[in-house]
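The values are calculated or read from the model by the stated rules, or taken from the named source; none is laboratory data. Values in this document were obtained by computation on a predicted structure and should not be read as measured data. Don't worry about glycine lacking a Cβ; one is built from the backbone with ideal geometry, like all the others, and counts go over all protein chains shown. For accessibility, only protein heavy atoms count, side chains too; no ligands or nucleic acids. Shrake-Rupley method; radii C 1.70, N 1.55, O 1.52, S 1.80 Å.
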Amino acid sequence: ERKIRGIMLRQTEATSAKMAQSIYDSVCTIVIFPLLVYLGASGKTTDKKSVKICKFLGDISYPLYIVHYPFMYLFYAWVWSKTFTFSQAWPMALLVFFGSIILAYLCLKLYDEPIRKWLSKKFLVKKN
């Protein structure tokens, strides 16, 4: 009977953790993410510095989306395999963060923009 109670308690804890994660995911997807998109789309930038920052972030957004996944999975595998503490993993997390931004920028400049330029010349006809 004691073993059964222990198993039931562990199952209840796992179920409640899954439920909490489901609620969190739902709130983020239904409320927080649309709110962030709305705030970003409705904002206006007026000074040159913020325009440059927004342009840079907009330019690297898709390359960053593509390149960060492999790095994050490798980072998580590294952290979980060695069970590092937060303070031990922090320097590598910063390296992954900035490394992903740098790699995204390089992909933008060395791959995305040249390919778009070539495709535009090849397939888009200029109107006279």
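Data for the structure
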| item | result |
| --- | --- |
| For the chain: accessible area per residue (Å², 1.4 Å) | 91 Å² |
| Average Cα contact separation per residue, the chain, under 8 Å, 6 or more apart, as relative contact order % | 26 percent |
| Column: log10 I(q)/I(0), Debye, Cα scatterers of the chain, q = 0.09, 0.12, 0.13, 0.22 Å⁻¹ | -0.52, -0.82, -0.92, -1.24 |
| Whether the range 47-87 is rounded, prolate or oblate, judged on the alpha carbon gyration tensor where a/c under 1.5 counts as rounded | oblate |
| Gain on full stretching of the segment that runs from LEU119 to TYR73 - 0.36 nm per residue minus C-alpha separation | 13.3 nm |
| Loop sites in the range 84-128: trypsin sites (Lys or Arg not before Pro), DSSP, at most 16 other Cβ within 10 Å | LYS126, LYS127 |
| Residue-averaged 222 nm ellipticity for the chain, from DSSP H runs of 4+ at -39500 (n - 2.57), nearest 500 | -28000 deg cm²/dmol |
| Percent accessible area from carbon and sulfur atoms, the chain, protein chains only, probe 1.4 Å | 69 percent |
| Set of lysines with alpha-carbon distance to LYS126 below 27 Å, sequence-local pairs under 8 removed | LYS55, LYS109, LYS117 |
